[in-house]
1. Can you find a residue that is part of a loop (DSSP other than H, G, I, E, B) and at pLDDT 90 or above anywhere in the stretch 566-573?
2. Which residue, of Tyr45, Tyr40, Tyr80, is of a type in the set (Phe, Trp, Tyr) and in a loop (DSSP other than H, G, I, E, B)?
3. Among residues belonging to the stretch 346-355 that are without any contact (Cβ under 8 Å) to a residue 60 or more places away in the chain and in a loop (DSSP other than H, G, I, E, B), point out the one that is surrounded by the most Cβ atoms within 10 Å (Cβ to Cβ).
4. Looking at Leu378, is it modelled with pLDDT of 95 or more and over 25 Å from the mean Cα position of the chain (by Cα)?
5. Can you find, within the stretch 384-429, the residue that is surrounded by the fewest Cβ atoms within 10 Å (Cβ to Cβ) among those that are of a type in the set (Gly, Ala, Ser) and at pLDDT 75 or above?
6. Does Ala516 satisfy being in contact (Cβ under 8 Å) with a residue 60 or more places away in the chain, more than 16 Å from ligand 2 (Cβ to nearest atom) and either within 26 Å of the chain's Cα centre (by Cα) or outside any strand (DSSP E or B) (or both)?
7. Look at Ser694 and say whether it is at pLDDT below 85 and either assigned to a loop (DSSP other than H, G, I, E, B) or surrounded by 15 or more Cβ atoms within 10 Å (Cβ to Cβ) (or both).
8. Take Pro62 and tell me if it is loosely packed, with under 11 Cβ neighbours inside 10 Å and in a loop (DSSP other than H, G, I, E, B).
Amino acid sequence: MIIQEFLDTNITYLSGVGPKRAEILNKELNIFTFRDLLYYFPYKYIDRTRFYKIAELDPDLPFVQIRGVIKGYSTEGHGYGKRLVADFQDETGTIKLVWFKGGKWITGSYSPGVEFIVFGKPGVFNGIINIIHPEIEAANKMAERLNSALQAQYSTTEKLKNQYLTSKTISKLIGNLLKQIKIRLPETLPAYLVSRYKLTDLHESLHNIHFPSNPEELEKSRYRLKFEELFYIQLNLLRFKTNRNLKYNGFLFSSVGENFNNFYYNNLPFTLTEAQKRVMREIRKDLGSGKQMNRLLQGDVGSGKTLVALMSMLIALDNGYQACIMAPTEILAIQHYQTICNLLAGIDIKICLLTGSSKKTSRKSIAESLLDSSLNILVGTHALLEENVQFSNLGLVIIDEQHRFGVAQRARLWQKNLNPPHILVMTATPIPRTLAMTLYGDLDVSVIDELPPGRIPIKTMHFTDSERNKVFGFIRNQIAEHRQIYIVYPLIRESEKMDYKDLEDGWDTISRAFPAPKYCISIVHGKMTPANKELSMKLFKDGHAHILIATTVIEVGVDIPNATVMVIESAERFGLSQLHQLRGRVGRGADQSYCILMSSDKLSREAAKRIEVMISTNDGFEIAETDLQLRGPGDIEGTQQSGIPFDLKIASLSKDGQLIEYVRYIAEDILTKDPLLEDNQNLIFRTELKRLFSQRQSWSNIS
Ligand code: ADP
Ligand code: MG
């Protein structure tokens, strides 16, 4: 049997497995074949060369290993608490070993007086150190495993344990499997990469990862396997980009003409920041390349992305094309529409707004002017995606606040033309660079990493509920200075009812503290009709309402420069990136702005850390980085829809940033030289990509 077929063998046929265990391995660990088992990597290693003395043990220690004898057994407790207890002794003291089940088997297997090695996590009960459900092994058998001092630990689940698939069993199964493989496991990377980057070969790496001979070898093997995993993710993403470039020509926007110049020299109300200039150069280069642009523009809230979007659209117009910009909510679409109309005042460009609530007549006239090319810029919401919205020559699509749009929706915009338009995706959710490389690996990334000059950094403060009066006093002072206040309540879907209760209670408290007619309070939440929402927003936007009470519907993009205070209620219930987004709603004008985080007195360690980070920095990228460390990539907004398999087997998107950059560079280099991977030495890539990603290809096709 050739080795590949052998590796594809169903796990049922491994000795020690069988149908019942196979089913559980399928379900719990996604292990279906011999290969899957080989690639089920330990999550940590325990140094089994170290022995503790009983006198040294304390309940804060992790897993420990001790050597001693059982002095005798007894039974303690009754009912569910009934347990078998052994006194275990070495020359320095005695501890208790405890079992809640399997007592008969234990007393039958481990006789008093014989020397055993006991392994487990020390705990404490009634002041006496114990180990519950320890691993026990005869001391004279230990020699057998000393060839591997570092013992691999595999994560298991309750269901696995019920079938006696413990970490130890899994290790045994893998050991058996490796013994059956009589030849060297074939490489999954071409020989030239293995030698150029001094990688340990696959055969050795797979042995070492499960049964390391020493820490150095283990580290080399881990590196090799991480390299391989991350490299193939990047190669896959970059290959789609390469294919797209080979397959489609982009519109060539060769000139910068009247519209752009007219705006730039007559209407632009300020000078661009250096970052805005740099990004414009990057975009212009794409648009003039003859290839389709697929670019992600990241920039913190308030960094001036709208201006970049507008100038890019003007270049499209200058080359005879139409452009559109799509926002995730009606409020934002209207805001963009107004901003763009203002910025283009006096320039002969036709701009229209299309949203879900556009009237039939205006829809009709929009449709007509789109087709006869008299409409230049269309601003809107998801309504732009509807099939009856047809452009005559759409050249550039801008998508604002990307994470609210699924990949599939982006694809629909693509299809509005025979030739795909250029695409610029803008997001204010900063994503750490290396994560973006994976999440948006097939897009080019531009970053605005500088705020317009003259902004006064927002002051962030933390108060607990018991200090509420102080906060209200502060708000009154701000209102007396004609500033406006946001007060935001969390809305978490699982407990929606409770959340609305919070919002209602909050409304009660606040309207008592800020009574009419002296104060005017406006409220916005998801359960209101769009018309009422709009009305409340308008009341605040026009400066009539002093306070806007809201759920997180205001999170994205709303721009009201006179609002200088953002109060976030139950701040401990928000994630970091959300807190940062909310804070970005203030600090848009020339006045000092404040973000006030309200929380209960008792905070979990993580919540305290989040609040601490918010107070210490205004830098969105720093916050995103911390968020990634605290929560891991799976929870970061946008990652779920991305389709990337985040259950990486060995590498970590948060910890292996450098390696991600490195392998991406290597993959780019390979594709530049051999775009279709046709070179003989590169054929192995095709086999591997097919094996790794064939079920997942559909999502990567689009962007
Ligand atoms: P965001 O990146 O969050 O979408 P906006 O485009 O809404 O940011 O810009 C935020 C504010 O900064 C707007 O009021 C805009 O007019 C202003 N702005 C943008 N660029 C500059 C600049 N170069 N100099 C001064 N103000 C700017
Ligand atoms: Mg914006």
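The values are calculated or read from the model by the stated rules, or taken from the named source; none is laboratory data. Computed from a predicted structure; not experimentally measured. For neighbour counting, all protein chains shown are included, and Cβ atoms are generated from backbone atoms with ideal geometry for every residue, glycine included. Side chains are part of the model used for accessible areas, which takes the heavy atoms of the whole protein and leaves out ligands, DNA and RNA. Shrake-Rupley method; radii C 1.70, N 1.55, O 1.52, S 1.80 Å.
1. Restricting attention to the stretch 566-573, the residues satisfying the condition of being part of a loop (DSSP other than H, G, I, E, B) are 569-570.
Cutting the leftovers down to at pLDDT 90 or above gives us 569-570.
Within the stretch 566-573, one or more residues are part of a loop (DSSP other than H, G, I, E, B) and at pLDDT 90 or above.
2. Working: Tyr45 fails: in a loop (DSSP other than H, G, I, E, B); Tyr80 fails: in a loop (DSSP other than H, G, I, E, B).
Residue meeting the stated conditions: Tyr40.
3. Taking the stretch 346-355 as the starting set, the residues that turn out to be without any contact (Cβ under 8 Å) to a residue 60 or more places away in the chain are 348, 350-355.
Now narrow it down to the ones that are in a loop (DSSP other than H, G, I, E, B): 348, 350, 355.
Values: Asp348: 9, Lys350: 14, Thr355: 19.
That would be Thr355.
4. Details: modelled with pLDDT of 95 or more: yes; over 25 Å from the mean Cα position of the chain (by Cα): yes.
Yes: the conditions hold for Leu378.
5. Residues of the stretch 384-429 of a type in the set (Gly, Ala, Ser): 392, 395, 406, 408, 411, 428.
In the following step, the residues that additionally are at pLDDT 75 or above were identified as 392, 395, 428.
Numbers: Ser392: 14, Gly395: 24, Ala428: 25.
For the stretch 384-429, the residue satisfying everything is Ser392.
6. no
7. Numbers: at pLDDT below 85: yes; either assigned to a loop (DSSP other than H, G, I, E, B) or surrounded by 15 or more Cβ atoms within 10 Å (Cβ to Cβ) (or both): no.
Spelling it out, it is not the case that Ser694 is at pLDDT below 85 and either assigned to a loop (DSSP other than H, G, I, E, B) or surrounded by 15 or more Cβ atoms within 10 Å (Cβ to Cβ) (or both).
8. Details: loosely packed, with under 11 Cβ neighbours inside 10 Å: yes; in a loop (DSSP other than H, G, I, E, B): yes.
It is true that Pro62 is loosely packed, with under 11 Cβ neighbours inside 10 Å and in a loop (DSSP other than H, G, I, E, B).
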